[in-house]
Structure formats: structure tokens, C-alpha cells
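One structure below.
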Amino acid sequence: MRPCSICFIIFGFVLSAFAAPLPVAEYCAEILTDSTYRPLLIKDLNEPIKEWNYPETYPAISKPEWVTKAKLDFPHDIECHSGRLEKHGCGNSSKWVRASSNSEPRRKLEWIEKMKLQGGVVWGPDSCVRNQWVLLNARESLKNFYGKIFDGVWIGEWNHGDRMYMEPMFPPMQYSYGAKLVGECTESIPALEYCVVGDKSIELHLTNSFENVPMPLLADINGEATTMDCEGLMRMEKSLEMDFGKKGKRELVHALEQDTCHVTSKVSKKIYIPIPRYIPSTSLKGISAKNLYGKIIPLVSKNALKCNFETIKRDIRFSARIVGPCDSLDLQKREKFNVFELRQVGEMRSYGRFISSGECVEMKDLLK
């Protein structure tokens, strides 16, 4: 081999050694059935977008919306052949039917600074939308893959409305990343992340709420129906506690919802868990920031429904990670939790007549 060829090979190895590693997002596996599972995002990318090749403005008549997608290649047995998404090529030069003219009013295009996976569509093999992944004996089979990093591709693009009135198409952006499958989803894997303001007198601000936040049901009643009827009596009490170990448990939310008209209430079987975006220092007395950073804090959501003279109780356990001090972009509004976000009652009726839930549902914050 020629000396110059050896030099090029060595130079290539040196360059690869100094190449920036791919960012890594983390997922846990929610086991659905013996042969299906679903990967849930538990650590987002939060990586800066390196290039921004979009115009500063767009025609005011259009309303482009920023959408993101993630293409993943986790372990699977059978590729999905339904729910196929429209494929897009990076740098697509397709044109809309009519380009805009310079005389049309224009609006400033929002600048997106970071790559984020939360809230985006997930592609599986064969570019299909995946709500579940087929894998025989999923719980046992996946144990061979935990801790490994798989290929992922992040795609960000502007989704347009009416193509008849658009200027040339904005090309999508595309970046590779690593997708780490850390293990089966458990209550000890953090579903929330909070940052800290202060030192001895602290407050917490929510920075992330991941896909493994529990979405439990009150009861398996009425089969696949999403609601249950409560006749003449409905009282829902729910609370949220954060357990700081030796520093004790702190009650962050304690709310009451009840029917004051004693009619028929349609109650959602899905429990709306209270997730505070801001936790004030009054709830955290005696807890300092020291030794709190990086800790995983257990939470328990306690729910009790009195319906048809029976009581249904359901406790849900999950956890939050304290990531460190807040920066200016992390700060949430310093306001009390909105108790109306917890409402379980949808419609109400009496003798066939529909009644406004606003008239007959009383909501109380029991911590006031």
C-alpha cells in the first residue's frame, strides 16, 4: 500500500474520532399485550437546530404550521402496512399551483430554535404511523435490547393548508439521532421533570412532561365506553403528593368535584391527573436545593369517586426528576393550579333534558 494511502486512512480515523456524537433520546417500552408494545419518550433531544434555510416571511393568506416526526427502527417482527404517511424528500423542490406575488401582505415566520420529539408523530418501519410494535413474547424478547441505541431520524417541516394559495414549498429538515431503549416502563422512570428556583426557600417549575405520564381509568365499567353514568350522586376527590423521604410528603393538589343538582352525570373513566406546572415555596418549606439536583421524587395521585352509592378508589404512582436550577426559559407562571382542568364530568341530564355542567358541578380547591 502506498504511504499516501495510509496517510489518508489514518486521517479519516482521526476525523471520525473527533466527529460530534449523535444526540440520544431515551424511550421505555410499555407492554400492551403478549405480542405488542409501545415505545414512550422519556428523555427528549432538546438539541439546537443547526441550519435554518427558510424565508423570514410568508403570505398572510396562508397559515403554515410547524410539525415534527420521528422515524424509529426499534425491534419488531411484522412491518405495518396501513396508516402510511405521505413521504417527503429532504430538499424537495415541488411547487404549489400558484406562487405568491410580491404585492401580497406577508407575516413573519416563527423561528424554531431546537429539535424536540415530544408531541410529534412516530414512524415505524415502512414509514407507517405506529401506535404499537409487533414483537412475539414482547416482555421477554425486549430484554435482549434494553440499553442499546437504535437509529432515529428527526424531521421538521412546515405543514401548509390550501395549496392553491401557497408559494414554493418549504423543504423539510432532517437530522439523525440515537434512540435508546432503556427498559420496560415502570413508575420509577421519571414522567416529569422540574427545575429549581432558589436555594433554601425553593420553588419548582415544570420543564418536561413525557409520554409515560400515566393515563389510567377509574374502572373497567361499560366495556369500551369512555364514560360511566352516576345517578343522583357524584363526588370526585383527588389529590397529588410528592414524597421527599426524610423531609416528608407534601400535598400539592387536593380538589373536589361534586354534583349539586343530583341528576345523571356522565363521568369520564379516564382520570385527569393534576400536574402542577408551578410548585410554590409554601408547599416546600424546609426543603433546600442542596442535594436535590438529579434526584427522582416519587408522586402518588389519589382518586376517589362516589357514584351510585359506591366508592371507587384508584391510586396512581409515578415519579419526577429534579434536573437542576431553572434558566429564564424554564419559568412557568406563578399561579395556583387551575382546578377546572381536573373536571371529570362531561354532560349532565335530568328526565331526558340536558343540563349545563357549569350550573350543577361544584369545583373546590381544598388546599385554600
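The values are calculated or read from the model by the stated rules, or taken from the named source; none is laboratory data. As the structure is a computational prediction, the values presented were derived from the model and not from experiment. Using ideal geometry, Cβ is built from the backbone for each residue, glycine included, and neighbour counts are taken over all protein chains shown. Remember, those area values only see protein heavy atoms, side chains included, never the ligands or the DNA or RNA. Shrake-Rupley method; radii C 1.70, N 1.55, O 1.52, S 1.80 Å.
Looking at the structure I just gave you, is E341 touching a residue at least 60 places away in the same chain (Cβ under 8 Å), among the acidic types (D, E) and open to solvent by 30 Å² or more (accessible area, probe 1.4 Å)? So E341 fits the description; yes. Is it the case that the stretch 312-327 has a residue that's under 25 Å from D199 (Cβ atoms), out of contact with any helix residue (DSSP H, G or I) (no Cβ under 7 Å at 6 or more places or on another chain) and in a loop (DSSP other than H, G, I, E, B)? Yes.
Residue check: E335 meets all listed conditions (1) without any contact (Cβ under 8 Å) to a residue 60 or more places away in the chain; (2) under 21 Å from the mean Cα position of the chain (by Cα); (3) under 21 Å from T282 (Cα atoms) but one, namely (2).
Can you run down the residue pairs with Cβ atoms below 9 Å, 6 or more apart or on separate chains, where the first is in the stretch 295-317 and without any contact (Cβ under 8 Å) to a residue 60 or more places away in the chain and of a type in the set (D, E) and the partner is open to solvent by less than 70 Å² (accessible area, probe 1.4 Å) and part of a strand (DSSP E or B)? If the second residue must be open to solvent by less than 70 Å² (accessible area, probe 1.4 Å) and part of a strand (DSSP E or B), the pairs left are D315/V300; D315/S301; D315/N303.
Pairs, please: C-beta under 8 Å, at least 6 apart or cross-chain, first residue free of Cβ contacts under 8 Å to residues at least 60 places away in the same chain and aliphatic (A, V, I, L, M) and in the stretch 109-121, second surrounded by 15 or more Cβ atoms within 10 Å (Cβ to Cβ) and in a loop (DSSP other than H, G, I, E, B)? Every condition considered, the pairs that remain are L109/Y54; L109/P64.
Of these, I316, I296, I322, I273, which one is open to solvent by 60 Å² or more (accessible area, probe 1.4 Å) and either modelled with pLDDT of 95 or more or touching a Pro at 6+ places or on another chain (Cβ under 7 Å) (or both)?
Working: I316 fails: open to solvent by 60 Å² or more (accessible area, probe 1.4 Å); I322 fails: open to solvent by 60 Å² or more (accessible area, probe 1.4 Å); I273 fails: open to solvent by 60 Å² or more (accessible area, probe 1.4 Å).
Going through I316, I296, I322, I273 in turn, just one is open to solvent by 60 Å² or more (accessible area, probe 1.4 Å) and either modelled with pLDDT of 95 or more or touching a Pro at 6+ places or on another chain (Cβ under 7 Å) (or both): I296.
One residue alone among V129, V121 is at pLDDT below 80 and under 21 Å from the mean Cα position of the chain (by Cα), and that residue is V129. Restricting attention to the stretch 204-230, the residues that are at pLDDT below 95, within 29 Å of K247 (Cα to Cα) and either small (G, A, S) or part of a strand (DSSP E or B) (or both) total 3.
Which of the residues that make up the stretch 245-270 are in a loop (DSSP other than H, G, I, E, B), surrounded by fewer than 16 Cβ atoms within 10 Å (Cβ to Cβ), of a type outside the set (G, A, S) and within 29 Å of the chain's Cα centre (by Cα)? Explain how you work it out, then say what you get.
Within the stretch 245-270, the first condition is being in a loop (DSSP other than H, G, I, E, B), and the residues that meet it are 248, 260-263, 269.
Keeping just the survivors that are surrounded by fewer than 16 Cβ atoms within 10 Å (Cβ to Cβ) gives 248, 260, 262.
Within this subset, residues satisfying the condition of being of a type outside the set (G, A, S) are 260, 262.
Scanning the stretch 245-270 gives no hits.
Only one of the numbered conditions (1) assigned to a strand (DSSP E or B); (2) open to solvent by 40 Å² or more (accessible area, probe 1.4 Å); (3) modelled with pLDDT of 90 or more is not met by W66, and that is (3).
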